[in-house]
Amino acid sequence: MEWEPDRGLQFRMAVALVLVAVLPVAFVYAFVVAINTVGLELLEWATDRPWNGRVYVKPWLAVGAVAVGFAAQFALGDRVALHAVDARRADRDSHPDLLARVDRLAQTAGIESPSVAVSRSGVPNAFAVSPRPSDATVVVTDGLIDSLDGDELDAVLAHELAHVKNRDVTVMSLSYFLPSLTYAVATVAFFILKGLFYVVGNARHVDDDGAKGVVVAIVVITVSALITAAISVLFWVASYVLFRTLSQYREHAADRGAAAITGDPLALASALRTVDDEMSGMPDSDLRDVDGGLEALYVAPIDDYQFGDGDRELISSDIFPATHPDTEERIERLQELAGERA
Amino acid sequence: MTSRRRFLASLATLAAGATLAGCGYYPGGGDIRWREESLGGLYRTDEVAVAGETLYTVTDSTQSYDVEEETWTRGAEVVAYDTADGSERYSEGFEERARAFGVGESDVAVGLGSDDTGLGGEGPSSSAVARIGPDGRQWTVTVDAAVEQLAVADERVYAVTAEGALVACADGEVRWRRGSYDLGNAGPDRESSALVGAGPAGVVLADGGEPVHLAPDGTERWRRPDISLVQQVVDVGSDRVHVADETTLYALAAESGESRWTAQESADLPEYALGRARYHRTGGDFYRVVDAELHALDDTGETRWTNEGVERETNVAAGETSVFVHTGSGVTALSADDGSRNWTVEYDRIDAGPFLVDAGVLVVSGQGVTCHVPRG
């Protein structure tokens with residue numbers, strides 16, 4: 001097997017790792033700054049007493065909290081991913097051929113044979129999750145197994161093993177931390193606001209004594225929630241752009257890696273064509289079912305983005321780089337690679 | 001428990017412990033350390049002062065019903081509060097009314113009289129002097145005339161009577177009596193209540209406007225007839241005595257009365273402000289409040305800086321880095337170095353203070369007694 005380390009991918013992963021570590025800490029301190037500026041002013045107004053001090057989070061705590069988050073991501077990330085796509089661990093009784101293929105390809109790639117899980121989805125796709133390269137899991141869907149012939153299936157499995165060998169799966173797993181965190185915080189802020197306005201809208205009677213308190217509470221909660229949501233969205237955007245940018249490059253690297261493992265770039269090109277064609281014919285609801293927030297990990301892009309809703313995409317792919325390169329472009333590159341090998 | 005659950009449980013424990021230790025709120029200057037709203041009625045008291053770590057309030061006359069005599073009685077009441085948290089230490093009632101009040105380092109003294117006038121009134125009668133400390137009344141001694149002014153230093157209390165006698169009291173006894181002195185229009189009211197001052201080196205009073213210094217044993221050490229309009233005995237130290245007349249602050253040698261330096265008020269002062277300056281010795285420096293201005297003087301009388309907008313009746317309390325005053329908008333901390341504003345906390349009305357104590361800056365207002373964080 002001719003395996004050349006991809007310096008470009010390694011450089012991007014290094015940059016991504018730095019940003020993945022720095023952005024969550026910056027996220028924490030953005031909140032500290034917001035509290036010390038707007039928050040304490042708001043508190044002073046609400047309590048009618050001075051708050052001239054400052055809230056602090058010691059750097060070791062911020063770094064420690066982020067480290068705990070990453071540790072939790074390491075500990076739970078694969079389970080969450082498998083649960084999101086309703087995947088079960090495959091064993092040699094239920095999927096002897098699939099596991100044999102994976103063992104053979106892993107041996108060729110020179111890595112430990114990963115675990116295999118099968119998702120009960122008709123949408124043909126595959127991805128790998130890996131807190132550590134030695135503890136990787138390759139996930140394939142029933143749809144993928146049914147749609148592809150043997151060489152195509154080998155090519156897709158080799159593509160996922162290339163992700164594991166390149167270690168970009170680990171980086172991608174860590175990259176999920178901040179988008180998940182910011183998305184959760186923004187969601188909480190949204191539901192607090194929604195709940196507040198529901199309560200206010202249903203209030204029947206407030207006496208004069210309570211009126212000022214109600215107004216103060218509404219203003220404080222509203223401003224706090226808006227600021228929380230604004231900061232969360234800002235960091236979510238930053239982390240998501242980073243996440244998706246890395247995602248595109250690593251797909252090309254994994255395509256090249258798959259070609260190196262199987263020695264057959266055209267098999268992967270054919271598999272991509274099949275998967276793409278199959279997904280084009282799928283109903284949107286099926287695609288959303290298989291999304292689960294893991295699109296960036298798949299072998300091929302699903303057409304309906306995770307934050308989209310049918311034709312009304314909330315966030316345009318013109319602004320946010322798509323997780324995967326264009327399939328046609330990938331096929332062309334694989335064909336060029338096949339030409340070079342010939 | 002699986003290893004993964006054990007791992008997550010230990011992470012959660014670690015996170016909880018770390019959160020308690022690594023984040024929080026650093027109080028800033030002006031933040032409220034404590035507020036005792038139950039003391040909101042202190043504005044009705046006649047005197048409020050801080051000595052050491054105790055806040056003393058004096059009500060010159062409170063009415064109560066004597067069941068045995070079946071009659072209403074009126075007498076003074078002194079209440080002491082702990083400045084650490086505003087809690088009441090004790091309440092001391094007297095059968096006589098309070099006529100004078102003096103403040104020492106950690107104790108206070110009250111001049112008591114049996115006539116019908118209080119701190120703001122007149123009327124000679126037999127009187128008593130009570131020395132009161134953080135733990136209650138220490139001693140009481142009878143004086144043969146109404147007490148007009150009091151000064152407290154070390155173990156002694158110096159009382160000036162309505163007849164002009166200077167009486168030194170200690171440990172419940174009259175140690176000596178000198179007089180008669182003429183304190184002019186000095187009465188027991190706040191405006192002219194600083195015509196006698198005491199310190200470890202003795203007592204200084206303004207006799208007909210002239211500063212006179214007496215040693216602790218009653219010996220008259222010196223007199224300065226050339227300074228004839230003393231308005232305030234500012235400070236009596238072991239080596240220096242500071243007095244002020246209508247226009248000038250004098251630093252005099254405690255031993256001889258010789259002038260060490262003088263500091264004149266600005267010639268630009270309007271006529272109505274002349275003679276109305278009030279001096280404060282705090283934090284080792286002098287502060288002059290005149291015409292809504294605060295002047296910071298060093299220990300040679302040189303003006304270091306001025307700041308506009310202070311209240312005429314303000315107390316001035318200086319710490320190492322800040323000077324606390326009552327300004328038009330509330331209580332303000334000024335930089336001790338240049339008089340620039342560090343922080344202000346708004347108050348509609350301040351009844352007494354600010355006072356600097358170990359716990360912070362005390363302000364007595366309609367909201368009770370509030371202790372603010374001084375730094376910032």
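The values are calculated or read from the model by the stated rules, or taken from the named source; none is laboratory data. Source: prediction; values computed, not measured. With ideal geometry, Cβ positions are generated from the backbone for all residues, glycine too; neighbour counts draw on all protein chains shown.
Of all residues in region A:41-70, those being surrounded by 14 or more Cβ atoms within 10 Å (Cβ to Cβ), facing another protein chain (nearest Cβ under 7 Å) and not in a strand (DSSP E or B) number 9.
For (1) of a type outside the set (Asp, Glu); (2) in a helix (DSSP H, G or I); (3) modelled with pLDDT under 75, each residue gets a yes or a no:
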residue: A:Asp151; (1), (2), (3): no, yes, no
residue: A:Asp154; (1), (2), (3): no, yes, no
residue: A:Val169; (1), (2), (3): yes, yes, no
residue: A:Ala184; (1), (2), (3): yes, yes, no
residue: A:Ala189; (1), (2), (3): yes, yes, no
residue: A:Leu196; (1), (2), (3): yes, yes, yes
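Inclusion of A:Phe27 among residues that are assigned to a helix (DSSP H, G or I), farther than 30 Å from B:Val345 by Cα and more than 10 Å from chain B (Cβ to nearest Cβ) is warranted.
Just one of (1) within 14 Å of chain B (Cβ to nearest Cβ); (2) surrounded by fewer than 18 Cβ atoms within 10 Å (Cβ to Cβ); (3) closer than 29 Å to A:Gly257 by Cα fails for A:Gln73. It is (2).
The condition of being over 25 Å from B:Ala151 (Cα atoms), surrounded by 14 or more Cβ atoms within 10 Å (Cβ to Cβ) and either out of contact with any helix residue (DSSP H, G or I) (no Cβ under 9 Å at 6 or more places or on another chain) or in contact (Cβ under 8 Å) with a residue 40 or more places away in the chain (or both) does not hold for B:Arg224. Filtering region B:53-90 to residues that are farther than 23 Å from B:Ala153 by Cα and assigned to a strand (DSSP E or B) leaves B:Ser61, B:Thr62, B:Gln63, B:Ser64, B:Tyr65, B:Asp66, B:Thr71, B:Trp72, B:Thr73, B:Arg74, B:Gly75, B:Glu88. All of A:Val32, A:Val80, A:Val38 fail the test of being within 14 Å of chain B (Cβ to nearest Cβ), of a type in the set (A, V, I, L, M, F, W, C) and more than 17 Å from the chain's Cα centre (by Cα), apart from A:Val32. A single member of A:Asp103, A:Asp91 is of a type outside the set (A, V, I, L, M), assigned to a helix (DSSP H, G or I) and either within 11 Å of chain B (Cβ to nearest Cβ) or more than 19 Å from the chain's Cα centre (by Cα) (or both), and it is A:Asp103. Taking the stated definitions as given, is A:Leu19 away from chain B (no Cβ under 14 Å) and either under 17 Å from the mean Cα position of the chain (by Cα) or modelled with pLDDT under 85 (or both)? Here the answer is yes, as A:Leu19 does meet what is asked. Among the residues making up region B:328-362, those that are among the aliphatic types (A, V, I, L, M) and touching a residue at least 40 places away in the same chain (Cβ under 8 Å) are B:Val331, B:Ala333, B:Leu334, B:Ala336, B:Val345, B:Ala352, B:Leu356, B:Val357, B:Ala359, B:Val361, B:Leu362. For region A:251-288, the set of residues classified as at pLDDT 90 or above and of a type in the set (Ser, Thr, Tyr) consists of A:Thr262, A:Ser270, listed by residue number.
Being part of a loop (DSSP other than H, G, I, E, B), modelled with pLDDT of 90 or more, at negative phi and of a type in the set (Ser, Thr, Tyr) is true of A:Ser113.
The residue of region B:348-363 that is nearest to the other protein chains (Cβ to nearest Cβ), among those that are at pLDDT 90 or above and closer than 16 Å to B:Glu313 by Cα, is B:Val363. Condition test on B:Thr306, is it modelled with pLDDT of 85 or more and of a type in the set (S, T, N, Q)? So B:Thr306 fits the description; yes. Candidates are the residues of region B:256-290 that are acidic (Asp, Glu) and in contact with an Asp or Glu (Cβ under 9 Å, 6 or more places away or on another chain); the one that is modelled with the lowest pLDDT is B:Glu265.
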